[in-house]
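As structure tokens, the structure follows; a few thoughts come after it.
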């Protein structure tokens, strides 16, 4: 008889076997849900941390002082030249009078700074950056703009941000990779346990003349279905947990500085990643689990 | 047809299971393979079904040279054989019909072929009324009939029965052996491994006796009378 691959049959066998081995299927789905929840929660924390870093970085700026011989109208007109410098997100013009007011307000009560003449101050721009790690290069480029007399920055803060961000990024990647590896290991073993009960079935199929592909396909479909079910369940649980934790943080006065990103704009991406990961670990775990039993 | 020419088999632990076995089974024959435990009977079965490879000699099964068979060809070689085990090895979570359907699916049979063949084979083994039962709802003899039906359903050239009556009472054993004889009369080659002297003696068939990895007698129409080999 010629070999035919009836994928409808493989799918129905895979689906059927989920119910005939109900408990082990339930255990595999639970494992997939737990692993996806752990990975998903950690990734969402990393995404929120990244967003907070970006916000804090956006607040970081340096000051460019304008040559005092340039009249204020001309100084203000330099804004376009400065904003044309690469990596400058925006430049905010501050007159010397505003600067004096800000300075006196900051050091109110300090006699040393009281009554300084207005010409002590210079017109200036507060310059905000797209990428804080390029502070030195951007500052040097702004200094080259005609009319800019001097600049002042706090490179150690920028470097601090860069270092923290790099460390946080590296830690996030390492932890997600470790969690993914551990999840694959646990799921492959759970499915291996489920498959162990069916080694006899596989041996019978092989003895009847089934090819390895024929034996494998129902297991692959079973793994894909379990992965999909696990991913969908994990997605809704993740959503619920995220909203609950988000509401708790928003309602807490002491940590009101932390802003939690809304879940809805990320929902489709989270679902996509969960389904893809569920498919990979479900089918991959099944394939890894039955490999040994095919050697009959 | 099966040909074993000077077949030797040594296992990794150093045991020499077969020491130069020569055996030829032609199409349509009914052969009993007898011998004590550890004599090499199971090794011969495993070699024929390509579960293990010989250490030396030449082995041909139904036109396949098992000395240099490629792994991809093994399933196709196995489709020329039907195997029956002492412990039946039915899939407990499938009905009788599903056990047979599953064996036909495994070799790529179409639903039409399955619908035609399964009732015919169930009728042949006397289980046409029990196709929807689960294996656990059947007696030992009936379960072995299902195993025979499964071995037969893909119309193999040869059936290998490894202690097919080992778990059955004498009456059921006789029934099973008579069923196998009938299948042989319909043209299928039979190789039956057994310990049961009375059963072998009841049928006047070719008896191949093996001991310590060597064939010690091979007589067509012979009897299994050697008490030392039981």
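Of note:
- Complete set of residues in region B:1-41 that are assigned to a strand (DSSP E or B) and within 15 Å of the chain's Cα centre (by Cα): B:2, B:25, B:30, B:31, B:32, B:33, B:34
- Exclusive hit being more than 30 Å from residue A:274 (Cα to Cα), buried (at least 16 other Cβ atoms within 10 Å of the Cβ) and modelled with pLDDT of 80 or more, set A:66, A:32: A:66
- Answer residue from region B:150-167, given it is more than 11 Å from chain A (Cβ to nearest Cβ) and in a loop (DSSP other than H, G, I, E, B) and is surrounded by the most Cβ atoms within 10 Å (Cβ to Cβ) among those: B:164
- Residue that is part of a strand (DSSP E or B), in contact with a helix residue (DSSP H, G or I) (Cβ under 9 Å, 6 or more places away or on another chain) and facing chain A (nearest Cβ under 9 Å), where the choices are B:74, B:83: B:83
- So residue A:135, is it over 30 Å from residue A:277 (Cβ atoms), modelled with pLDDT under 75, part of a helix (DSSP H, G or I) and not assigned by TED's automatic domain parsing to the domain that holds residue A:44: no
- Output for region B:193-222, where each listed residue is within 19 Å of the chain's Cα centre (by Cα) and in a strand (DSSP E or B): B:193, B:194, B:206, B:207, B:208, B:209, B:210, B:215, B:218
- Selection within region A:10-26 - surrounded by fewer than 16 Cβ atoms within 10 Å (Cβ to Cβ) and touching a helix residue (DSSP H, G or I) at 6+ places or on another chain (Cβ under 7 Å): A:15
- Residues of region B:168-192 classified as out of contact with any strand residue (DSSP E or B) (no Cβ under 6 Å at 6 or more places or on another chain), over 18 Å from residue B:143 (Cβ atoms) and assigned to a helix (DSSP H, G or I), total: 3
- Going through (1) more than 12 Å from every other protein chain (Cβ to nearest Cβ); (2) under 21 Å from residue A:207 (Cα atoms) one by one, residue B:126 falls short only on (2).
Conditions (1) within 14 Å of another protein chain (Cβ to nearest Cβ); (2) part of a helix (DSSP H, G or I); (3) surrounded by 23 or more Cβ atoms within 10 Å (Cβ to Cβ); (4) at pLDDT below 80, marked per residue:
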position	(1), (2), (3), (4)
A:178	no, yes, no, no
A:186	no, yes, no, yes
A:203	yes, yes, no, no
A:216	yes, yes, no, no
A:228	no, yes, no, no
A:246	no, yes, no, no
A:250	no, yes, no, yes
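- Within region B:101-123, tally of residues that are touching a residue at least 12 places away in the same chain (Cβ under 8 Å), within 12 Å of chain A (Cβ to nearest Cβ) and part of a helix (DSSP H, G or I): 5
- One residue stands out among those in region A:137-176 that are touching a residue at least 12 places away in the same chain (Cβ under 8 Å) and exposed (fewer than 12 other Cβ atoms within 10 Å of the Cβ): the one that is farthest from residue A:76 (Cα to Cα), which is A:152.
- Criterion: more than 21 Å from residue B:184 (Cα to Cα), part of a loop (DSSP other than H, G, I, E, B), within 13 Å of chain A (Cβ to nearest Cβ) and without any contact (Cβ under 8 Å) to a residue 12 or more places away in the chain - qualifying residue of B:98, B:51: B:51
- Helices (runs of 4 or more DSSP H) contained entirely in region A:1-105, each with at least 1 residues that are more than 14 Å from chain B (Cβ to nearest Cβ) and free of Cβ contacts under 8 Å to residues at least 24 places away in the same chain: A:22-59, A:72-77, A:79-83
The values are calculated or read from the model by the stated rules, or taken from the named source; none is laboratory data. Because the structure is predicted, anything quoted here is derived from the model rather than measured. Heads up, the Cβs are rebuilt from the backbone with ideal geometry, glycines too, and the neighbour counts pull from every protein chain shown.
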